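*Asks:* This structure is in structure tokens; I'll ask about it shortly.
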Amino acid sequence: MSAGVGVRFDGFDTVGDTVETAALAEEAGADTIWMAEHLGYREAAVSCMAFLQRTRRATVIPTAVMPYLWHPMPTAMQFATMAELSPGRVGICVSVGNLLNLRESGVSAPQHPVRVIREYVEALRALWAGETVEQEGLVWQLRGARLAFEPPQEIPVFVASTGPRVLNLAGRIADGVLFSGGLSLAYTRRCAELADAGVREAGRSTDEVRKAGFVYFACSEDGDAAIESNRLKLAFLFRNSAQAENIRSIDIPIDHEAIMELVRDRELEKAAKLIPAEAVAQFSVAGTPDACRAGLQAYIDAGVDEPVIEVTGSPEERRMALDVIRDFNAGRG
């Protein structure tokens with residue numbers, strides 16, 4: 001089966017705009033709607049409940065629930081409630097989370113992420129199965145916790161990561177893995193291989209673990225304008241020192257230290273100019289509709305089962321993005 005294209009939102013736009021765009025994306029054939037959980041912006045699970053009310057068939061996936069901040073019991077309740085409203089249309093994505101957000105919330109250094117994520121997934125699945133759960137976890141403890149109702153269908157669990165140990169864990173225990181946006185094709189291939197290694201270790205089939213990938217995306221008849229749009233996104237992403245290995249994965253030199261310094265000084269446009277246009281194409285999908293279709297296919301060829309893109313920009317650019325989704329999803333089967 002050929003890959004489809006999903007859609008994602010960051011919580012930066014109003015709820016009304018996001019819900020309407022989600023409905024248009026579903027009409028274009030998108031099977032999944034992902035809502036990022038950026039602390040301080042629109043809340044992901046609440047937004048996904050609104051998506052469920054406005055759409056008919058797409059699966060909604062709040063992304064990502066952070067085990068260091070959210071207790072598994074109310075999380076299990078929250079997602080089971082959503083699943084009761086729309087059976088078979090709710091997923092969850094679990095991740096360590098953004099280190100800056102965690103630090104602002106009082107978690108200065110997340111400890112033992114593999115153990116914490118594994119315990120969290122185990123607790124959620126046990127609660128959704130109607131079990132009485134006893135778990136002395138590293139972060140949370142469950143001492144006889146039990147849901148009074150069960151979701152009518154299984155809730156698939158994705159794990160988001162680019163780290164080797166968590167990617168391995170995802171391959172061993174998750175229903176799917178999510179790669180973050182702004183990854184080069186080479187780094188995406190590496191992440192897919194790490195997840196597949198975990199799949200093999202667990203004696204599973206690669207068909208059991210769906211690999212989704214957020215893809216920075218900008219579509220315009222003016223290809224240069226689309227490249228500039230993604231260049232700014234990448235400069236902001238590259239403010240993080242954790243992007244060093246991703247940046248080194250391509251053969252084009254990029255002054256990462258200078259970019260981080262400029263972004264710290266709020267000189268985002270100057271930082272963006274340090275990313276060559278040819279590098280933008282290796283970390284994102286940008287350009288005319290034809291170029292975007294080719295760019296998405298390149299991520300699929302790198303191991304992503306489902307590219308997940310933004311639908312942003314002018315009304316015309318949004319229409320073109322929806323057309324790209326329509327083209328890809330019409331060709332599945």
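Laboratory data are not the source of any read-out in this text; all were calculated from the coordinates shown. Keep in mind that this is a model prediction, so the values were computed, not measured. We place every Cβ from the backbone using ideal geometry, glycine too, and count neighbours over all the protein chains shown.
*Asks:* Just give me the residues in the range 185-195 being surrounded by fewer than 22 Cβ atoms within 10 Å (Cβ to Cβ) and either of a type in the set (Ser, Thr, Tyr) or closer than 11 Å to Ser249 by Cβ (or both), in sequence order.
*Replies:* Leu185, Ala186, Arg189, Arg190
*Asks:* With respect to the numbered conditions (1) without any contact (Cβ under 8 Å) to a residue 24 or more places away in the chain; (2) under 24 Å from Ala23 (Cβ atoms), which one is the sole condition not fulfilled by Glu261?
*Replies:* The failed condition is (2).
*Asks:* Which residues, taken from the range 217-248, are surrounded by fewer than 18 Cβ atoms within 10 Å (Cβ to Cβ) and of a type in the set (S, T, N, Q)?
*Replies:* Correct list: Asn240, Ser241.
Conditions (1) farther than 26 Å from Arg210 by Cβ; (2) of a type in the set (D, E, K, R); (3) surrounded by fewer than 20 Cβ atoms within 10 Å (Cβ to Cβ), marked per residue:
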{"residue": "Glu136", "(1), (2), (3)": "yes, yes, yes"}
{"residue": "Gly144", "(1), (2), (3)": "yes, no, yes"}
{"residue": "Ala160", "(1), (2), (3)": "no, no, no"}
{"residue": "Gly171", "(1), (2), (3)": "no, no, no"}
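*Asks:* Within the group Ala50, Ala76, Ala64, which residue is touching a strand residue (DSSP E or B) at 6+ places or on another chain (Cβ under 7 Å), at negative phi, of a type in the set (Gly, Ala, Ser) and crowded, with 16+ Cβ neighbours inside 10 Å?
*Replies:* Values: Ala50 fails: touching a strand residue (DSSP E or B) at 6+ places or on another chain (Cβ under 7 Å); Ala76 fails: touching a strand residue (DSSP E or B) at 6+ places or on another chain (Cβ under 7 Å).
From the options Ala50, Ala76, Ala64, the qualifying one is Ala64.
*Asks:* Within the group Ser161, Ser108, which residue is free of Cβ contacts under 8 Å to residues at least 40 places away in the same chain and of a type in the set (Ser, Thr, Tyr)?
*Replies:* Result: Ser108 is the single residue among Ser161, Ser108 that is free of Cβ contacts under 8 Å to residues at least 40 places away in the same chain and of a type in the set (Ser, Thr, Tyr).
*Asks:* Only one of (1) over 23 Å from Asn240 (Cα atoms); (2) touching a residue at least 60 places away in the same chain (Cβ under 8 Å) is not met by Arg8, so which one is it?
*Replies:* So Arg8 meets the others, but not (1).
*Asks:* Identify, please: which residue in the range 297-311 is of a type in the set (A, V, I, L, M) and farther than 23 Å from Ala22 by Cβ and is, among those, surrounded by the most Cβ atoms within 10 Å (Cβ to Cβ)?
*Replies:* The residue in question is Ala302.
*Asks:* Any residue in the range 39-61 that is in contact (Cβ under 8 Å) with a residue 40 or more places away in the chain and touching a Cys at 6+ places or on another chain (Cβ under 9 Å)?
*Replies:* Taking every residue of the range 39-61 in turn, at least one turns out to be in contact (Cβ under 8 Å) with a residue 40 or more places away in the chain and touching a Cys at 6+ places or on another chain (Cβ under 9 Å).
*Asks:* Is there any pair linking a residue in the range 187-210 that is free of Cβ contacts under 8 Å to residues at least 12 places away in the same chain to one that is surrounded by 13 or more Cβ atoms within 10 Å (Cβ to Cβ), with Cβ under 6 Å and at least six apart or on different chains, and which?
*Replies:* From the range 187-210, the pairs are Thr206/Asp196; Thr206/Val199.
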